[in-house]
1. Within the stretch 73-95, does at least one residue satisfy the condition of being in contact with a strand residue (DSSP E or B) (Cβ under 6 Å, 6 or more places away or on another chain), near the ligand (Cβ under 10 Å from one of its atoms), touching a residue at least 60 places away in the same chain (Cβ under 8 Å) and under 16 Å from residue 7 (Cα atoms)?
2. Please go through the stretch 1-21 and pick out each residue that is more than 26 Å from residue 58 (Cβ to Cβ) and within 12 Å of the ligand (Cβ to nearest atom).
3. How many residues are in a helix (DSSP H, G or I) and either exposed (fewer than 15 other Cβ atoms within 10 Å of the Cβ) or at pLDDT below 95 (or both) when one looks only at the stretch 12-40?
4. Which residues, counting only those in the stretch 35-52, are farther than 22 Å from residue 77 by Cα and either under 13 Å from the mean Cα position of the chain (by Cα) or within 16 Å of the ligand (Cβ to nearest atom) (or both)?
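The values are calculated or read from the model by the stated rules, or taken from the named source; none is laboratory data. All of these numbers come straight from a predicted model, not from anything done at the bench. Counting neighbours? That spans all protein chains shown, and the Cβs are built from the backbone with ideal geometry, glycine included.
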Ligand code: DQA
């Protein structure tokens, strides 16, 4: 089984940005965490981080017929992008949406996700652990 892990804008700044909300772990720590989860589960994973909406759309399209699942934290694009959920629908790859913070208990504008309707599940407010849950969910979904 192969998964694509996509992280959107400013997630490369983890460990620096708003530590009170996103914690002290860096993006490199997140990659290490996810790699160890995948290794334990016998899952192959690819990582992609971008601050650009179109590049994320391109990467989702490239995954067509190449991966069994996508874990995506669309970050700020969660609340603004129509192109990202359209790309997920276009490739028909099972996708789980993850947010480190609890988007439902923050500002009003974070409560709406354009990605949730096309995702198998949305996991938020569990920090790095949310990515583990998303991976296990996709593994279960495949079996
Ligand atoms: C985020 C939540 C978004 O609202 C925010 O724009 C982010 C990160 C999260 O992981 O909690 O950049 O997706």
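1. Within the stretch 73-95, one or more residues are in contact with a strand residue (DSSP E or B) (Cβ under 6 Å, 6 or more places away or on another chain), near the ligand (Cβ under 10 Å from one of its atoms), touching a residue at least 60 places away in the same chain (Cβ under 8 Å) and under 16 Å from residue 7 (Cα atoms).
2. Across the stretch 1-21, the qualifying residues are 18, 21.
3. Number of matching residues: 11.
4. Within the stretch 35-52, just 45 meets the criteria.
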